[in-house]
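Any read-out appearing in this document is the output of simple, stated calculations on the displayed coordinates, not a laboratory observation. None of these values were measured; they are calculated from a predicted model. Cβ placement follows ideal geometry from the backbone for every residue including glycine, while neighbour counts extend to all protein chains displayed.
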Amino acid sequence: MIKQLTAILIAAAAFPASHCFAGEVLTVNLRDGGQLHGDIHVQTNDQHLWLRMSAGSTVVVRPIDWAQISCAQHGKQTLTTDQLQAVAPKWKTVATPRRVVPTAPVTGKSYAERALEALGFTTAD
C-alpha cells in the first residue's frame, strides 16, 4: 500500500494537472515485447488500460491488463506502470466522432458490380 501511495505521489509531482497530455499519443511497452501506440480511452479503469488507436477512418479501442504493461512513454518521459495508472484518469479522452463521407465508385458502378467484374463474372442487364 505504501509503495502504491509513493508511486502516486511521485507521479502527481512529476505530472501536475497543468502538464497533462490528454489526447496525445502514448507508447505502451508490453511485457511480451510488444508495443502499442494510442491515447488513453475514457473506459480505462483499475483493471485495464483502454488504448485507442486510429489510422485514417479506422479506430480500434482495446483493453490491456495493467499487469501486461512493463512501462509507457510519452515524448521523452518514461512512466512505470504504477505512474501510468496514477495519471491515466487525468489523461483519459473521449473520441470526437469523425464524419466519414463515402466516396462514389469511380466507374459509376457499385462496388459489388466492380467485384464481380474483377472476378470475371458478367452481370445481366
Checklist line | Separation in nanometres of the label points that stand 7 Å from Cα toward Cβ, at residue 68 and residue 54 | finding: 2.2
Checklist line | Whole-Hz couplings from phi, Karplus 6.51/-1.76/1.60, listed for the range 48-60; x for Gly and Pro | finding: 9, 8, 9, 10, 9, 10, 9, 8, x, 9, 9, 10, 10
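Listed highest first by mean packing, meaning other Cβ atoms within 10 Å per residue, what order do 46-57, 79-90 come in?
Numbers: 46-57: 14.2, 79-90: 19.2.
In descending order of packing, they fall as 79-90, 46-57.
Once you have the Cα-Cα distance between residue 80 and residue 35, take 0.36 nm times their residue separation minus that, and quote the gain in nm to one decimal.
Fully extending the segment from residue 80 to residue 35 adds 14.7 nm.
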